[in-house]
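Okay, so here's the structure we're looking at.
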There are 2 protein chains.
Amino acid sequence: MNDFLELSSDAQDLLFRQARTANSFTDEPVTDEQVAAIQDLVRFGPTAMNSQPLRIVLVRSDDARARLLKHMADGNRDKTAAAPLVAILAADTDFNEHLPTVFPHAEGAKGWFPDPVAREATARLNAGLQIGYFIMGVRAAGLAAGPMTGFDAEGIDEDLLAGTGYKTMVVVNIGHPGENAWFDRLPRLEHEQVVTAL
Amino acid sequence: MNDFLELSSDAQDLLFRQARTANSFTDEPVTDEQVAAIQDLVRFGPTAMNSQPLRIVLVRSDDARARLLKHMADGNRDKTAAAPLVAILAADTDFNEHLPTVFPHAEGAKGWFPDPVAREATARLNAGLQIGYFIMGVRAAGLAAGPMTGFDAEGIDEDLLAGTGYKTMVVVNIGHPGENAWFDRLPRLEHEQVVTAL
């Protein structure tokens with residue numbers, strides 16, 4: 001299979017084949033410089049109309065961490081409490097405000113999303129792609145990601161993201177993997193279950 | 001910034017820094033073996049409950065291509081007609097049927113999604129992440145991707161995906177970049193507009 005890939009085998013391993021979702025972490029901190037390096041790389045990933053709706057909210061203070069934990073599902077609370085860095089990955093439903101800057105040739109594009117339901121769907125779709133890029137970026141930095149969707153999203157939005165148009169999609173623990181960080185690799189679907197042709 | 005990244009500079013360029021959304025392609029075909037190599041890599045990307053809801057429908061026949069073109073936005077029709085390979089990237093809203101195989105330790109997980117609205121939201125969120133991984137996989141194969149969201153999604157679902165629980169999210173052109181394949185790189189948001197801390 002590798003004969004068809006230009007990406008080096010080391011990079012394949014780092015991003016996909018050996019990378020794993022971590023469930024425990026060492027105490028080693030994740031710095032703002034590391035986050036900046038990740039974002040500096042993944043910001044180039046493509047989005048529709050260059051809309052870039054993903055927002056990354058680092059939960060740095062003890063107060064914010066305590067508030068976040070209340071909204072996490074029971075099975076995710078302890079590892080979210082212990083992770084060196086936790087980030088809320090959210091879709092900015094006001095992404096269109098930036099279109100005059102990031103999509104400058106389309107005059108009036110900012111006004112193309114009058115329906116808040118359609119605007120939120122666009123924000124979530126493109127932020128979803130960017131979460132995929134971001135997880136690859138965390139791995140590119142030699143760190144492990146523990147993405148989670150088990151939480152009360154409305155609770156996080158109303159508590160930690162009040163006053164923004166952000167909608168929480170994924171909460172991700174980030175750090176160096178600790179003891180017993182990995183569960184066994186779970187089975188993937190067969191090729192024929194995923195890829196079909198018309 | 002690169003000092004903080006473990007991923008090689010070449011791989012950074014291939015996946016993010018030099019990779020670009022292609023708007024034209026050469027005639028060189030994209031083979032099923034290339035698609036299999038891409039999928040064999042990106043299938044390891046993480047999803048909630050290992051749910052893997054992304055489905056990749058290759059539009060190989062002339063009939064399917066002609067039907068797809070009718071549902072594309074005017075600005076996307078010509079390049080979709082000319083691309084060597086077009087794939088419909090869709091979320092399988094019946095992803096939970098596979099949970100007994102892919103998430104075997106959670107007994108009864110297949111039945112945890114009785115609400116079709118919540119099930120579709122879960123499918124779309126996780127398929128979104130997987131579309132991000134897939135675009136990286138296309139680039140890992142040395143190919144260019146041209147992801148698009150300008151189309152009548154319901155039209156595609158009812159016409160080409162009838163009888164499945166698939167919901168079209170992105171249509172992507174894939175191939176080797178042709179003449180004048182690239183627009184100028186559009187500006188990215190500033191770091192402070194994307195990353196904040198609480």
Revision key, fill the gap. Filter segment A:7-28 for residues that are open to solvent by 60 Å² or more (accessible area, probe 1.4 Å) and more than 8 Å from chain B (Cβ to nearest Cβ); the one that is nearest to residue A:133 (Cα to Cα) is A:18
Check your understanding: Any idea which of B:66, B:37 is at pLDDT 95 or above, out of contact with any strand residue (DSSP E or B) (no Cβ under 8 Å at 6 or more places or on another chain) and open to solvent by less than 30 Å² (accessible area, probe 1.4 Å)?
Key -> B:37
Point to revise | Exclusive hit being closer than 25 Å to residue B:122 by Cβ and not in a helix (DSSP H, G or I), set A:145, A:123, A:106, A:127 | key: A:145
Exercise for review: Could you tell me whether residue B:52 is of a type outside the set (D, E, K, R), buried (at least 21 other Cβ atoms within 10 Å of the Cβ) and facing chain A (nearest Cβ under 7 Å)?
Suggested key: yes
Check your understanding: So, of the residues in segment B:163-198 that are outside any helix (DSSP H, G or I) and among the charged types (D, E, K, R), which turns out to be farthest from the chain's Cα centre (by Cα)?
Key -> B:190
Point to revise | Tabulated pairs, segment B:134-158, first under 10 Å from residue B:15 (Cα atoms) and without any contact (Cβ under 8 Å) to a residue 40 or more places away in the chain, second part of a helix (DSSP H, G or I) and of a type in the set (Gly, Ala, Ser), C-beta under 9 angstrom, 6+ apart or interchain | key: B:135/A:132
Check your understanding: Looking at segment A:174-198, which of its residues are open to solvent by less than 30 Å² (accessible area, probe 1.4 Å) and within 12 Å of chain B (Cβ to nearest Cβ)?
Key -> A:189, A:194, A:195
Practice item. Report, by residue number, each residue of segment B:40-49 that is among the aliphatic types (A, V, I, L, M) and surrounded by fewer than 21 Cβ atoms within 10 Å (Cβ to Cβ). Key: B:48, B:49
Review point. Quick one: which of A:47, A:31 is more than 7 Å from chain B (Cβ to nearest Cβ), within 25 Å of residue B:170 (Cβ to Cβ) and modelled with pLDDT of 95 or more?
Key: A:47
Check your understanding: With (1) within 12 Å of another protein chain (Cβ to nearest Cβ); (2) of a type outside the set (Lys, Arg); (3) open to solvent by 50 Å² or more (accessible area, probe 1.4 Å) as the list, and residue B:59 as the residue in question, which single condition is left unmet?
Key -> (3)
Check your understanding: Restricting the search to segment B:115-133, which residues are among the aliphatic types (A, V, I, L, M) and in contact (Cβ under 8 Å) with a residue 40 or more places away in the chain?
Key -> B:123, B:125, B:127, B:129, B:131
Check your understanding: Exactly one of (1) in a helix (DSSP H, G or I); (2) of a type outside the set (A, V, I, L, M); (3) over 19 Å from residue B:124 (Cα atoms); (4) open to solvent by less than 10 Å² (accessible area, probe 1.4 Å) is unmet by residue A:111. Its number?
Key -> (4)
Study note, to complete from the structure: Within segment A:162-173, the count of residues that are surrounded by fewer than 20 Cβ atoms within 10 Å (Cβ to Cβ) and of a type in the set (A, V, I, L, M, F, W, C) comes to 1
Check your understanding: Going by the structure shown, is residue A:91 surrounded by 22 or more Cβ atoms within 10 Å (Cβ to Cβ) and touching an Asp or Glu at 6+ places or on another chain (Cβ under 8 Å)?
Key -> yes
Exercise for review: Consider residue A:80 carefully, then state whether it is within 11 Å of chain B (Cβ to nearest Cβ), modelled with pLDDT of 95 or more and within 15 Å of residue A:144 (Cα to Cα).
Suggested key: no
Point to revise | Scope segment A:121-131; condition open to solvent by 50 Å² or more (accessible area, probe 1.4 Å) and either within 7 Å of another protein chain (Cβ to nearest Cβ) or in contact with a strand residue (DSSP E or B) (Cβ under 8 Å, 6 or more places away or on another chain) (or both); matching residues | key: A:124
Check your understanding: Is segment B:99-114 home to any residue that is of a type in the set (D, E, K, R) and touching a residue at least 24 places away in the same chain (Cβ under 8 Å)?
Key -> no
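The values are calculated or read from the model by the stated rules, or taken from the named source; none is laboratory data. From a predicted model like this one, the values you see are computed outputs, not experimental measurements. Because the Cβ atoms are built from the backbone with ideal geometry, glycine has one as well, and the counts that use them run over all protein chains shown. Note: areas computed on protein heavy atoms with side chains; ligands, DNA, RNA excluded. Shrake-Rupley method; radii C 1.70, N 1.55, O 1.52, S 1.80 Å.
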